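Asks: I'd like to ask some things about the structure below.
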Amino acid sequence: MIALLLLVPLLAALAAVLLGRNERLHGRIAVIGAIISLLLLPFVSRGNFNIGWFSIGNYALGIGILVMPLNMLLLGITLLIAPFILAYSLGFMDIRSEQRRFYAEMLMFEIAMLLFAMSGSFITLLIAWEFLSLSSYLLIGFWHWKEKARKAARKAFTVVLIGDLSMLAAIAILWNAYGTLSFAAIMSSIGAAAPILLYPAALLLIVAILTKSAQFPFQNWLPDAMEGPAPVSAFLHSTTMVKAGVFSAMIFLPLFLYTKTTSILLVLGAVSAVLATMNAMKETHIKKIIAHSTIQELGLMLVAIGSGAILAAAYFFIVQSFYKALLFFSAGSAMDASGSEDIRHAPGMRSNTALYASTLLAVISLAGFIPFSGFFFNSAADAYFSSNMIIYSALTLISVMTSFYIFRWFLLISKRPEDKRLEVGYVSLPKSMVYSGVGMAVLTVASSLSFFSLRWLLPQSALYYLGNLGMLLHQGSTALPGISKAVLETILATAGALASYTAYRKGIRAGHLVSKVFNSEETFSSIYLGMASMACTVSEGAVLLEIYINAFFDSFGRFAMASGAQLRKAAVGSINIYAVIMAVCILAFLAFGYAYMAGLI
Amino acid sequence: MMGYIAPLGDAFVLLIGAVMSIAVIAGAAITFYRRKRAHLALSVIVYAASALLILYMMLAGGTAQMSIGGFMLINPFSLFFSLIFTVGILLVNIIAYAYSKDYNEFALLASFALIGMYMVAFSLSLVTIFIGLELAVLPAVFMILLSRKSLEAAAKLFVAASLSTALLSFAIVLTYGGSGTVALEQYSGAEILGFAALLFIVSLGFEASIFPFNVLLPDVYSGPPAHITSMLGGVNKKVGFAALMQVLILGFIAYRQAFILIAVLSVFTMFYGNLVALMQDNIKRMMAYSSISQAGYIMIGIAVANAAGISASLFQIFAHMFIFIGVLAIIAWLEGHGKHKINDIEGLHSENRFLSFSLALLLLSLAGLPFTTGFVGKFLIFLSSINSGMVWLAFLGIINSIISIYYYARVIAKVYTGRRVSRGIKVDRGIAAVVLTCVIITLVFGIWPLPLMHITGNAAAALFPAAGAA
């Protein structure tokens, strides 16, 4: 059944590529494939498997598969979202060519994500991890005739490559320490190796997590990745692929706890969240605002994981997917309807009621109003941080600012436009785009309620390999929030929303105000700028490194070509010359060989 | 002791002989009447029948072996090679039927050559190997001559073959002098035998395209039309390896230095093949050098000189034969449309998707793409050399794999960039069938290599107990 789960999207991808010249057919096949594999999900059996490939002597190559509640969670999210994304693409990608390539790459990504979600050993994880990087690269650069898209794709690939290499190095260390690469084996006997051996592995794994989840100081690639089509952003760069890093953090948590490196996750997650929130407030690109918001949320997940609030993290992990995908749907619709990437030039969403209502739902969820997902996460997470004032105040600040920037985003695109053509653009959006958004809104509401079934979704046994460390993680994280908490959260969210409303609807030139606040050195602490530039340096440095590496390989290739040219010169000539060359070679070989065999050399 | 392969063991061997005689005699008759189609039907039926016979003997026989008259031996090793030769010649015949003007003559010569190849595969004596090699190589010279334009290539092959023959006979004479026998058994002692081993390496190295004895071969490969090249590089070269493995492993396993020399030569062969292939702008010539570099990888397995290494080499030989013939079938199709240079195939994907995809896949398999036979073969080879302590050899091999990606990717990039106005160039059904077969085999045994590894393992093991028992 597990193999079938991977096989169905593969067959759908093949069918989408091979079948038909009808442009609409490819997408429909892809949607059907995604739905079929979703239907297979309930039949997937739990457990720890090893699918052998081949073995030589005592050396076996195989694919380790682990299906546990945590894995089911990611599998479920991926499978549930995929049909909606593909259905949305039916409308979004309609006018553009190369449908085959798009759907084939999307399904390839889905396969990679499913493989990642059920990987049970580091080898499987690495294979899936690489395929994720590759499909991300291909899909960001999908519109390859755009110079910016190509650059963004390369940047994303290069930055993530750092993580890939770190992962590989970490795997080598763990292999040396434990002699096995199975998660279950390593994480359940984590104490078998001395912590001092494992520090480098833990740090390298954190680097891999940070690059994949676009966290400080590697966060720079994600906003650029918005050059890809909107369904790609909705699928890869908000809901599934970027969460691979966070998911790995959950899987490797015993290692981080054992080496006491969780605080690194906590600090870097918090820093990323704060930076991303600030960036989101001054950004004007429709999709990049949401991209910054994604970085912020991933940062919050890492904060939750780093402080042991694994249930809060898992809850956020579930719900964030749905409203984030929905926001990207709306952003894509806005860009499609207005033909502009700038938030200030795409008003008029209100004219399409279904789109407007579903977008509003997503915005409210993100802002943290009761009874939607953002609220539950905030209250669940706050339970952990009430003792840590710095984190607590940072979280509070973030929740106000989140409400502020997302309402800014929403109010600007739903403003009544002066140009009536924009309204026409919104009204005439393809049905598949609007209704997959509506479907996603239903999922958003439904997923909010998963807060009450978390114990069922992630029972204690889900974290079986955590052993006694697990006890540490299970403290009151699903207690229902009290009234005072609810009131406080709502006040915070409303404050942000109101601030945003006054700033943007009342016509105050708040755009200037905000950019003044966040861009000028007088009014804002230079720490932020310093950190931002440092992060940029790291990310840009990676790209620079890529140039050097390219130059190295290029020169290597040139050298090889040059020596090849010399050899080729020798390889052109008449039989006489060949005969001489050959005779000399044979004599030399015989003389040398004879001397060698006789022991003279 | 020698068990019988199957209750019908003798009969089956006789059947192969009978089947081959039909091929030759009926082929000669058909050639006289110049019936192209009939000849193709005859060849396909005869070769397919004998391939099935061999496959049956292989699967039913397990690891058993049987000798015929003391000069021929049937064991998993010989069956493995005879299967490869039969299937290879079968595929080459189909390509040649589509593009050769003198198909009748070609098919007849190919059936002569196949008999020689069988002799090499089944041989238990140096003399049989000698005769078999002659019988396998000489028809190739005439095949090249069939196309009339490539006189130079034929001359070069003839020169190389005669030099090889001379050295081979010298080596056999020295072996007889040192050991008092021409039977293929384990030799030891006598310094003169060590020299004979070197001469065997040189003379069989011509056939197997080992550097530096292969300097004539690229011209030989790239001169004649592609269907003949597919025969030379896909099948004929494997005869050299069959002979080399038998002589060195069965006869000279005691002379460890000879295997070190093979390792050194394999490094030179890989580098020579890959570096010169980088510079080629003619795609057939590039494939010629690429097949030289592949010969280098195969030699690593021989240099390891244990069952794992030989098994890996056999796997790679199997993989390379199908990949090479598949690529050459595509090249034959390209040549049929007047495309010879790498630049000519720009935008091929808009003209024929299936062949473009197959070309890309087969080339990537040569470069070592996982889930193809090319990857598994190289993986096994490098693993065997690492396991036997020759890490440096595996390291140099991996470096060469990286270099080779450069020129394979160049071709693939050309295929998939640019567009042509014309759509859908027709493909001969035979060519499509050959390419499809090669692609399927490359993928199936890449994804599920165990059955093939079992067969090559048996074949390799057959070389070693024999050496130990003698």
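Derivation of every value follows stated rules applied to the coordinates shown; laboratory data play no part. A quick note: this is a predicted structure, and the numbers were derived from the prediction, not measured. Neighbour counts run over all protein chains shown; Cβ positions are idealised from the backbone, glycine included.
Asks: By how many nm would the segment from A:Ile390 to A:Ser45 lengthen if fully extended, with 0.36 nm per residue of separation less the alpha-carbon distance? Mind dumping the intermediate values first?
Replies: Numbers: separation 345, 0.36 × 345 = 124.20 nm, distance 4.36 nm.
Extra length available between A:Ile390 and A:Ser45 comes to 119.8 nm.
Asks: Please give the FRET efficiency for A:Ser428 paired with A:Ser263, using the beta carbon to beta carbon distance and R0 = 60 Å, rounded to the nearest 0.05.
Replies: 0.70
Asks: Out of B:Phe112, B:Tyr97, B:Gly132, whose Cα points farthest toward the positive end of the dipole of the range B:88-159 (charges: +1 Lys, Arg; -1 Asp, Glu; placed on Cβ)?
Replies: Going by the charge dipole, the pick is B:Tyr97.
Asks: What's the long-distance tail for the range B:98-158, i.e. % of Cα pairs beyond 18 Å?
Replies: 41 percent
Asks: What ranking, highest mean first, results for peptides A:118-125, A:170-177, B:296-303, B:242-249 when packing means the other Cβ atoms within 10 Å averaged over each residue?
Replies: B:296-303, B:242-249, A:118-125, A:170-177
Asks: How many Cβ atoms of partner chains, on average, are near each residue of B:202-212 if near means within 10 Å of its Cβ?
Replies: Values: counts 7, 1, 0, 2, 2, 0, 0, 0, 1, 1, 7.
If you average over the peptide's residues, the count of other-chain Cβ atoms is 2.
Asks: Using the C-alpha atoms of the range B:326-470, what convex hull volume per residue, in cubic angstrom, is computed?
Replies: 137 Å³
Asks: Let me ask you something else. Within the range B:297-318, find all residues whose amide N lies under 17 Å from a label point positioned 7 Å from the Cα of B:Ile399 along Cα-to-beta-carbon.
Replies: B:297, B:300
Asks: In peptide B:159-165, how many Cβ atoms from other protein chains are near each Cβ within 10 Å, on average?
Replies: Mean shielding count: 2.
Asks: In the range B:329-407, with Lys and Arg counted as +1 and Asp and Glu as -1 at Cβ, which of these residues, B:Phe357, B:Ile381, B:His340, has the Cα nearest the positive end of the dipole, that is, farthest along it?
Replies: With unit charges placed on the Cβ atoms, the residue in question is B:Ile381.
Asks: Moving on. Per-residue counts of other Cβ atoms within 10 Å, averaged by peptide: what ranking do you get for A:279-290, A:326-337, highest first? Walk me through the numbers before you get to the answer.
Replies: Details: A:279-290: 21.8, A:326-337: 27.4.
Ranking the peptides A:279-290, A:326-337 by packing returns A:326-337, A:279-290.
Asks: Just order A:252-263, B:269-280 by mean Cβ neighbour count inside 10 Å, highest at the front, would you?
Replies: With the highest mean Cβ count within 10 Å placed first, the list reads B:269-280, A:252-263.
Asks: For A:585-598, what's the mean count of beta carbons from other chains sitting within 10 Å of each residue's beta carbon?
Replies: Mean inter-chain Cβ contacts per residue within 10 Å come to 6.
Asks: Normalised by the empirical 2.2 N^0.38 Å for globular proteins, what value does the Cα Rg of chain B take? Walk me through the numbers on the way to the answer.
Replies: Values: Rg = 20.8 Å, N = 470, 2.2 N^0.38 = 22.8 Å.
Relative to the rule-of-thumb radius for its length, chain B sits at 0.91.
Asks: Hey, what number do you get for chain B at 222 nm if only DSSP H runs of n ≥ 4 count, each worth -39500 (n - 2.57), divided across all residues, to the nearest 500?
Replies: Helix-only estimate at 222 nm: -25500 deg cm²/dmol.
Asks: A further question follows. Less than 18 Å from a label point 7 Å out along the Cα-to-Cβ axis of B:Val24: which backbone N atoms in the range B:135-155 qualify, by residue?
Replies: B:135-143
Asks: Another question, if that's okay. Between A:Leu168 and A:Ile581, what length comes free when the chain is fully extended (0.36 nm per residue of separation minus the Cα-Cα distance, one decimal in nm)?
Replies: That pair, A:Leu168 and A:Ile581, stretches by 144.0 nm at full extension.
Asks: Calculated FRET efficiency, A:Ala3 and A:Ser55, Cβ-Cβ r, R0 30 Å, to nearest 0.05?
Replies: 0.95
Asks: Would you mind calculating the relative contact order of chain B from Cα pairs under 8 angstrom and at least 6 residues apart, reporting the percent as a whole number?
Replies: Relative CO of chain B lands at 16 percent.
Asks: Which lysines have a Cα less than 20 Å from the Cα of B:Lys36, not counting those fewer than 8 places away in the same chain?
Replies: Answer for B:Lys36, where 20 Å is the Cα cut-off: B:Lys101, listed by chain and number.
Asks: Taking neighbour Cβ counts within 10 Å as the exposure measure, how do B:Trp392, A:Trp221, A:Trp143 sort from fewest upward?
Replies: B:Trp392, A:Trp143, A:Trp221
Asks: Okay, next question. Looking at the range A:80-162, which GluC sites (Glu not before Pro) are DSSP coil and have at most 16 other C-beta atoms within 10 Å of their C-beta?
Replies: Answer by residue number: A:Glu98.
Asks: Measure nothing but the geometry: give the 0 to 90° angle between the long axis through the Cα atoms of B:373-387 and the longest principal axis through the Cα atoms of chain B, rounded to 10°.
Replies: Around 40 degrees separate the two axes.
Asks: Give the order of B:Leu450, B:Leu124 when sorted by the count of other beta carbons within 10 angstrom, beginning with the fewest.
Replies: Lowest count first: B:Leu450, B:Leu124.
Asks: What is the dipole size for the range A:246-338, taken about its Cα centre, with +1 at each Lys and Arg Cβ and -1 at each Asp and Glu Cβ, in debye to the nearest 20?
Replies: The dipole of the range A:246-338 has a size of about 120 debye.
Asks: Determine the distance separating the Cα centre of the range A:139-177 from the Cα centre of the range B:229-308; give it in Å without decimals.
Replies: The distance from the Cα centre of the range A:139-177 to that of the range B:229-308 comes to 37 Å.
Asks: Please give the helix B:429-447 orientation as an angle from the longest Cα principal axis of chain B, in degrees from 0 to 90, rounded to the nearest 10.
Replies: So the helix axis and the longest Cα principal axis differ by about 60 degrees.
Asks: Lysines near B:Lys341 by alpha-carbon distance under 17 Å, same-chain residues fewer than 8 away left out - which ones?
Replies: Once the sequence-local lysines are set aside, what remains near B:Lys341 is B:Lys284, B:Lys414.
Asks: Take the Cβ-Cβ distance between A:Leu197 and A:Leu10 as r, set R0 to 56 Å, and report the resulting FRET efficiency rounded to the nearest 0.05.
Replies: The value I calculate is 0.90.
Asks: Note the angle between two axes, namely the Cα long axis of helix B:76-99 and the longest principal axis of the Cα atoms of chain B, as a number of degrees from 0 to 90, rounded to the nearest 10.
Replies: 30 degrees
Asks: Treat the count of other C-beta atoms within 10 Å as a stand-in for reagent exposure and order A:Arg408, B:Arg353, A:Arg24 from fewest to most.
Replies: Placing the least packed residue first, the sequence is A:Arg24, B:Arg353, A:Arg408.
Asks: If you take every residue apart from B:Leu216 with its C-beta less than 13 Å away from the C-beta of B:Leu216, what net charge results, scoring Lys and Arg +1 and Asp and Glu -1? Walk me through the intermediate numbers first.
Replies: Values: positive: B:Lys156; negative: B:Glu152, B:Glu207, B:Asp219.
Overall, the nearby charge balance is -2.
Asks: A further question on this structure: Which residues in the range A:87-129 have a backbone N closer than 20 Å to a point placed 7 Å from the Cα of A:Ser188 along the Cα-to-Cβ line?
Replies: A:118-125
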